Each structure stands twice: as C-alpha cells, then as structure tokens.
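Readers should treat all values here as calculations from the given coordinates under stated rules, not as data from a laboratory. Since the structure is predicted, the reported quantities are computational estimates derived from the model, not experimental observations. Note: ideal-geometry Cβ built from the backbone for every residue, glycine included; neighbour counts use all protein chains shown.
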Amino acid sequence: MNDLVLYADTGFVSPWVFHALVALEEKRLPYRLETVPLPIPAAQRAAFQARGILGTVPMLVHGELWVTESLAISEYLAERFPVPDHPRLFPADLGERARARQVMSMIRTSLFALRTDRPTSSVFGRPVSAPLGAQAAADAGELVRVATALITPGATSLFATWCIADVDLGLALMRLVANGDPVPAHVHAYATAQFQRRSVRAYLSRVPTTP
C-alpha cells in the first residue's frame, strides 16, 4: 500500500481538513500529515494544481493520486479501503447513505452567514462574544430545525451506527454550542458526543493553543 499523505492548514481551522483527517482516523489508516499556511503560498499552490487540479487543502496524496475536496477524499477512502477490512464511513443502507450525503451537501452549500459569525476558530479556540447577526441567526434556526428533525433524543448518531455525516453535522452544531448559542438539549448532547470520539480528539490535539 502506498503511503497516505494529508495536507492540512497550519492553523487547523478548516472544517474540510477536519472532515478529511477524521475520515482517515476513523478508517484507522496510517498517514503522514503535512501542513501549509493559509493563504497557500503561490509556489505550493502551483504544485498542488499541477497534481491535484485544485490548489486547496485538504489534499490527499495516495501514490499517483492527488485529490482535494473533503467529500471526494472520504468517498475515496471508503471505496479504496472498504469493509470488512476497514471500518465503515458511510451507511450501508442506500437510503441512509443518500440522507448522509444530503446533510453533508447542505452544510457545504449553505449556512454562510453562520460560518462567518461563528467561525471554526471559535469552536476549536476562543469563543466569539458578539451576538449572531440577522442572517446568521436565520442560518442557525435552519440548522437547528434540520438537526431536530434528524436526531432522535438520546441518540449520538444520525442512524443506528455512526457515519462521517455525524462529524460534519456535529461541527456545524458546535458553532452554536461552543459559543453559548441556544440549541435543544438533545441536539447539544449529540454535538458534544461527536467531539468525544477518538478521531475528533486526534484532530483537536493538533490545533495550536490560543494564547
């Protein structure tokens, strides 16, 4: 097996690097971690573009394959290192798999104002003291509505077993939880449960300490 290399941002504030690193950890795969500053220096970006088309992080390297975009990375890992030899990332059930992808797509293509007012750095580091703006509050309301519809009280995963969508939804919800914004108790418990996973703790151990 060729060595796996994951390129990440030095500050570890990218939610998409978070997704990719958690996927590697959940698969229990050995990998080497390399970091680059943001914005990515021109020479490094050009090298990434030459091999992986997009000059962004996360970037996964596996042999001759260089691939960006967090979902592309986790899909590749799921299919390249399948069960039963490796733990599952996506639900086995087709309908649940579609729902998981729906949730992950929503998180990547919406909630922009919430992500601005409650950046990932406020989850992994120092919370934000300012209240949510009007659009961010609307985003928060929609996120909580979706989460409430999907999460059964007492559950720590969307489905009977954990999947990679749980960590994306958990991080989105932690934008509210970590900053003291109100969420229903069972949604709060679900989000904090994601951050107790070994894979997430492995990521958090790499986040630079905020002075």
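For Ser105, Ser74, Ser157, the sequence from fewest to most other C-beta atoms within 10 Å is Ser105, Ser157, Ser74. Summarising the amide proton neighbourhood of Met59: residues at separation of 5 or more, or on other chains, whose placed amide H is nearer than 5 Å comprise Tyr7. For Ser74, neighbours were defined as the other residues whose beta-carbon sits under 11 Å from its Cβ, and their charges (Lys and Arg +1, Asp and Glu -1) total -2.
Projecting label points 7 angstrom from Cα along Cα→Cβ for Ala149 and Ala50 puts them 4.7 nm apart.
Remark: Val177, Val57 ranked as Val177, Val57, counting other beta-carbon atoms within 10 Å and listing the fewest first. Build a GNM of the chain with springs between Cα atoms under 10 Å apart, and of Ala155, Ala134, Ala72 the one that fluctuates most is Ala134. Where both bridge residues fall in the chain, DSSP classifies roughly 55% of the beta bridges as antiparallel. Select from Ile73, Ile107, Ile40 the residue whose mean-square fluctuation is largest in a Gaussian network model of the chain (Cα-Cα springs shorter than 10 Å). Looking only at Ile73, Ile107, Ile40, the largest GNM fluctuation is found for Ile40.
Dividing the summed -39500 (n - 2.57) terms of all DSSP H runs of n ≥ 4 by the residue count of the chain sets its mean residue ellipticity at 222 nm at -15500 deg cm²/dmol.
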